[in-house]
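The values are calculated or read from the model by the stated rules, or taken from the named source; none is laboratory data. The shown structure was predicted, so the numbers you read here are calculated from the model rather than taken from an experiment. Heads up, the Cβs are rebuilt from the backbone with ideal geometry, glycines too, and the neighbour counts pull from every protein chain shown. Surface accessibility is based on the protein's heavy atoms, side chains included, excluding ligands, DNA and RNA. Shrake-Rupley method; radii C 1.70, N 1.55, O 1.52, S 1.80 Å.
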There are 2 protein chains.
Amino acid sequence: MKVVIVGGVAGGASAAARIRRLDESAEIIVFEKTGYISYANCGLPYYIGDVITDSSDLSLQTPESFWTRFRILVKVNHEVTNIDVTQKTVTVKNLLTGTECEEPYDKLLLSPGAKPVRPNLSGIDSEKIFSLRTIEDTFRIHDYLEKTKAQSAVIVGGGYIGIEVAENLKEKGLNVTIVQRPNQLMNTLDYDMASFVHSKLRAKGISLRLNSNVTSFRQDGECIVTLLEDNSEIAADMVLLAIGVAPENSLAKQAGLKLGVKGSIVVNDRMETSVQDIYAVGDAIQVKHFVTEEDTVIALAGPANKQGRIAADNICGGDSHYQGSMGSSIIKIFDMTVAGTGLTEKVAKSMGIDCESVVLSPASHAGYYPGAKVMTMKVVFEKDTWKLLGAQIVGTEGVDKRLDVLATAMHAGMKANMLKDLDLAYAPPFSSAKDPVNMAGFMIENIRNGFVKQYHWDEIAGLPRDGSVTLLDTRTAYEYKSGHIDGYINIPVDDLRERMNEIDDSKPVYVICQSGLRSYIACRILTQNGFDCYNFSGGYRFYASVIHEKQMSECTYPCGMEK
Amino acid sequence: MKVVIVGGVAGGASAAARIRRLDESAEIIVFEKTGYISYANCGLPYYIGDVITDSSDLSLQTPESFWTRFRILVKVNHEVTNIDVTQKTVTVKNLLTGTECEEPYDKLLLSPGAKPVRPNLSGIDSEKIFSLRTIEDTFRIHDYLEKTKAQSAVIVGGGYIGIEVAENLKEKGLNVTIVQRPNQLMNTLDYDMASFVHSKLRAKGISLRLNSNVTSFRQDGECIVTLLEDNSEIAADMVLLAIGVAPENSLAKQAGLKLGVKGSIVVNDRMETSVQDIYAVGDAIQVKHFVTEEDTVIALAGPANKQGRIAADNICGGDSHYQGSMGSSIIKIFDMTVAGTGLTEKVAKSMGIDCESVVLSPASHAGYYPGAKVMTMKVVFEKDTWKLLGAQIVGTEGVDKRLDVLATAMHAGMKANMLKDLDLAYAPPFSSAKDPVNMAGFMIENIRNGFVKQYHWDEIAGLPRDGSVTLLDTRTAYEYKSGHIDGYINIPVDDLRERMNEIDDSKPVYVICQSGLRSYIACRILTQNGFDCYNFSGGYRFYASVIHEKQMSECTYPCGMEK
């Protein structure tokens, strides 16, 4: 059997090694367009920031090591330009010499990845505008920074790559502005959770231009000027385009393979394309979303590696199936960790799913043991079915753990309220006797049992201030004085039983406290005394963070280098 | 409704607060034998070690705060001495005044906890022999250390409390010896995994006396001398007895409640005892093991808190059910983290379960990102059914995360081989594209598919050295020279295809490498060439660690202060 693999990074490299482990006699050839294989895409921003200092660390394998260990022939700087599905051959171009040859295959695996989106804007071909996808891109940016001693950068796009490069450039001392078309960074988060990201980036001195559309670029002496739709301009020494990636589908298109969402390559759960003996994996393919079971594109390294292994199994006569992606992802942003999995509330609602969420602010470990840090966790679930739809967490320590526990629970099909039953490991340095994930389960179970009803941050502005409802803040008098929402009266929870006569029991009561716990207790007291009660989801801490960032975002020139 | 609760720590305090949240009109009285409620059992060793310095941090609530917020009457220093199940009253003794009174109840919740086991040994009543269960115990030890400037301690018992106190005393500068009757510390680990704990403790200068049975104690001037069965003696300034706990069942026994394993209180999954209107939770009760569904006793804070909440629900007319414990637990040992859940291989085998395990040594996060640390992970599963039975991990960073993911997968009933499919969050600072848990799943799937057969550390000594089998080390020549197992020949994996003729294909081949990956590749090469092959589980790294510690343990006086 002769196997030809197009693309030697995550999915392609995984598949190649696995095919060899399953079949010593197969002939395996990998064609990689760039000069490197099996490289660490996700590490590239950190080489730019000198966190990873040895460039050889960026490649996990070389063509030589792949040959030595696996007898896999890897040809870098070779681009497959054509597939003849009838003859079962590919045309390969040596990008260094320009020569072309034909290569026959019995099985063909496409792992071409994705390409950075480059909008057709005036001035976009400036050599001061970069994108980051390959090791070559990385070296190009790194060299440019070294040579020009660049002092400032504009990052267009506030997803993972954009934010990671922004952090790394800021840590190198550059002035950094992120320009983002939507009203928030990171579309893997809901707006409310993204506000913590905005806050962190601003605190670190990174300028954010949200709701901002780039219209063109202009070279101005040594500067590259980014022009925005509101006619403002941002001059900087370099621009990174990081507005997302699109499936690399040119080869698949040429070969007549069926394409799907966003032009991705359609595969079944055995990684088979629409044409026999051609498989595809990684960022180029369409996958089933694990939660919604809808077709989507999820460009992440974890799924690509798993898919490579599954394709290899099937190429070698096995029968392995991909279960779909739920888009679990995580990012370090300075000292903060931000992670998400499954659907955001926004996406769930846009799909017409009747969903609800809980927001909590647990400590990473027992408060009495030194070093505990608060995280903010949002768990989204479907009403009535209590199906777990997704989760988002921002914080520092322990965020990755809770996200992976929630992703595992989702993968296993656990109901949201069953999170309360998980038997997680507790000792004071690591968690609390009631782990944050258990706490989320308790909260969801309380909603399920009708013990508490919630209201949310985006409802507060619309609550009547005409006396037809009671707005009640149950924090201490000191906390209340330090900052509260207009229209809320203050009765500390511990005084509530004595002072209940101050509240009109014929009107709904909207309760808030700092984190949501005391207001929940207040709601229970009031509910049992006949009040119609609503507990604010996330507490004043959460509300204040979201609203503060909303105000910052709406301010046109918050800070930075704008002209 | 009047609810009387016996015991105001984890389970009792949780239940009391939950009952109030569910029922504003209930009368709730908590009787606590010690002077403190809702205290942080798991934090006590860290107060002794001055990691937690403020004693008020040890109590999460006070009787005053419980009254203020919940209108729960808490009486500390009050012991319930008798239950009259017919009259539905309890007899309560004020331990400060000695007075007694009767207290009627509608519902009674027992949360008496467990008591440290004190063997009936000569000399055990010395004031220099301590145990650690309550805040009072903690202060007693802390004060003793302050006053006597103790320089040395013997810890009898190498479970969680013993090891945590050993660490804290060592960090204070004391010479510490742990005396343990079995041949290993921590019965939540298999012997092989415990060897990493032994190694860490020895490296930190703590003396271990394994396989050592204490026969008596003797005061000798200012010293307390611990006498062992082999007639050796260890003199020290103090002794901590930490050989385990037994359910506090005196009240239950007196009241005629049905008792179970180790004298624990029998409850159903609603936390109801054998007598109507009496509930029990926490360390005193018998639980169903989540994995085996057998009756057992698991004294941990997490389950106690969950049980308290469930009892409260049912006391208030709800219908909540406890799902059983799987004993997920974790401990910090200096800079090491050790965690386990479910069954050890040893226990599984002793129960007659036909089980297998994989051992792997993955990095905590991507190797190319700074700071990655190796962990050792063992996952135990049932043959044929592929049911996950348990997991153990030792390492530093990221151990807690993987353990909780595995515990969640077990709780959800996932098959061991399905761990490969989990969609966990990856970025270089947090994990690898193939997370350690995925890797375990890949390994198990390879066993399931018959791609690889394993052999284990305890089989190596018994492998014939008479030429009837080939023992093959596939590491580099340099690694082989640096240390290898007698009888193993060296063919580096990368040379194996050329040098295969050096191996007799009529004999079984037992392969080893450093971590298990290269030997797996070698096994695949050999298997496909007709060899009968076995891959060593865990690699030479694991073998060397286990064997080294085994030798150390068998040496009678490894180090320390023995006479």
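All of (1) over 30 Å from residue B:233 (Cα atoms); (2) open to solvent by 50 Å² or more (accessible area, probe 1.4 Å) hold for residue B:112 with one exception: (2).
Among the residues of segment A:116-151, those identified as assigned to a strand (DSSP E or B) and in contact with a helix residue (DSSP H, G or I) (Cβ under 9 Å, 6 or more places away or on another chain) are A:116, A:130. Hey, among the residues in segment B:18-43 that are open to solvent by less than 20 Å² (accessible area, probe 1.4 Å) and hydrophobic (A, V, I, L, M, F, W, C), which one's farthest from the other protein chains (Cβ to nearest Cβ)? Going through the qualifying residues, I end up with B:31.
Against the criterion of being among the hydrophobic types (A, V, I, L, M, F, W, C) and open to solvent by less than 70 Å² (accessible area, probe 1.4 Å), residue A:95 does not qualify. Residue check: is residue A:373 among the charged types (D, E, K, R), under 28 Å from residue B:53 (Cα atoms), in contact (Cβ under 8 Å) with a residue 12 or more places away in the chain and more than 12 Å from every other protein chain (Cβ to nearest Cβ)? Against the criterion (among the charged types (D, E, K, R), under 28 Å from residue B:53 (Cα atoms), in contact (Cβ under 8 Å) with a residue 12 or more places away in the chain and more than 12 Å from every other protein chain (Cβ to nearest Cβ)), residue A:373 qualifies.
Scan segment A:434-455 for residues that are free of Cβ contacts under 8 Å to residues at least 24 places away in the same chain and at the interface with chain B (Cβ under 8 Å from one of its Cβ atoms) and jot them down. Hits for segment A:434-455 are A:434, A:438, A:442, A:449. Does residue A:462 meet the test of being in contact with a Phe, Trp or Tyr (Cβ under 8 Å, 6 or more places away or on another chain) and farther than 30 Å from residue B:422 by Cα? When the stated conditions are applied, residue A:462 does not pass them.
Quick check: is even one residue across segment A:54-71 among the small types (Gly, Ala, Ser), crowded, with 22+ Cβ neighbours inside 10 Å and assigned by TED's automatic domain parsing to the domain that holds residue A:304? No, segment A:54-71 has no match at all. The set of residues from segment A:525-536 being touching a helix residue (DSSP H, G or I) at 6+ places or on another chain (Cβ under 9 Å) and either free of Cβ contacts under 8 Å to residues at least 60 places away in the same chain or surrounded by fewer than 21 Cβ atoms within 10 Å (Cβ to Cβ) (or both) comprises A:525, A:526, A:528, A:529, A:531, A:532.
Considering segment B:262-284, the residues that are outside any loop (DSSP other than H, G, I, E, B) and without any contact (Cβ under 8 Å) to a residue 40 or more places away in the chain include one that is most open to solvent (accessible area, probe 1.4 Å), namely B:262. Condition check: in the same structural domain as residue A:59 (by TED's automatic domain parsing), open to solvent by less than 60 Å² (accessible area, probe 1.4 Å) and over 30 Å from residue A:317 (Cβ atoms). Does residue A:123 satisfy that? Considered against the rule, which asks whether it is in the same structural domain as residue A:59 (by TED's automatic domain parsing), open to solvent by less than 60 Å² (accessible area, probe 1.4 Å) and over 30 Å from residue A:317 (Cβ atoms), residue A:123 comes out as no.
Cβ separations smaller than 6 Å between residues 6+ apart or across chains give the following pairs from segment B:5-17 residues that are away from chain A (no Cβ under 13 Å) to residues that are modelled with pLDDT under 95 and crowded, with 24+ Cβ neighbours inside 10 Å: B:8/B:37. When residues in segment B:94-122 are screened for being free of Cβ contacts under 8 Å to residues at least 40 places away in the same chain, farther than 20 Å from residue B:77 by Cβ and among the hydrophobic types (A, V, I, L, M, F, W, C), 0 of them pass.
For segment B:303-320, taking the residues that are within 9 Å of chain A (Cβ to nearest Cβ) and in a loop (DSSP other than H, G, I, E, B), the one that is surrounded by the fewest Cβ atoms within 10 Å (Cβ to Cβ) is identified as B:318.
Highlighted here are the strands (runs of 3 or more DSSP E) found entirely within segment B:345-444 that include at least 3 residues which are under 24 Å from residue B:324 (Cβ atoms) and open to solvent by less than 20 Å² (accessible area, probe 1.4 Å): B:376-382, B:388-395. Counting the residues of segment B:398-411 that are in contact with a Ser or Thr (Cβ under 7 Å, 6 or more places away or on another chain) and either free of Cβ contacts under 8 Å to residues at least 60 places away in the same chain or not assigned by TED's automatic domain parsing to the domain that holds residue B:369 (or both) gives 4.
So which residues in segment B:140-173 are surrounded by fewer than 23 Cβ atoms within 10 Å (Cβ to Cβ), in contact (Cβ under 8 Å) with a residue 60 or more places away in the chain and either farther than 16 Å from residue B:336 by Cα or outside the structural domain of residue B:232 (by TED's automatic domain parsing) (or both), if there are any at all? Answer for segment B:140-173, where residues must be surrounded by fewer than 23 Cβ atoms within 10 Å (Cβ to Cβ), in contact (Cβ under 8 Å) with a residue 60 or more places away in the chain and either farther than 16 Å from residue B:336 by Cα or outside the structural domain of residue B:232 (by TED's automatic domain parsing) (or both): B:142, B:144, B:145, B:148, B:150, B:151, B:152, B:172. Here residue B:469 clears all of (1) in contact with a helix residue (DSSP H, G or I) (Cβ under 8 Å, 6 or more places away or on another chain); (2) over 29 Å from residue B:328 (Cβ atoms); (3) hydrophobic (A, V, I, L, M, F, W, C); (4) surrounded by fewer than 23 Cβ atoms within 10 Å (Cβ to Cβ) except the condition numbered (1). Count of segment A:58-83 residues, restricted to those that are in a strand (DSSP E or B) and free of Cβ contacts under 8 Å to residues at least 40 places away in the same chain, is 0.
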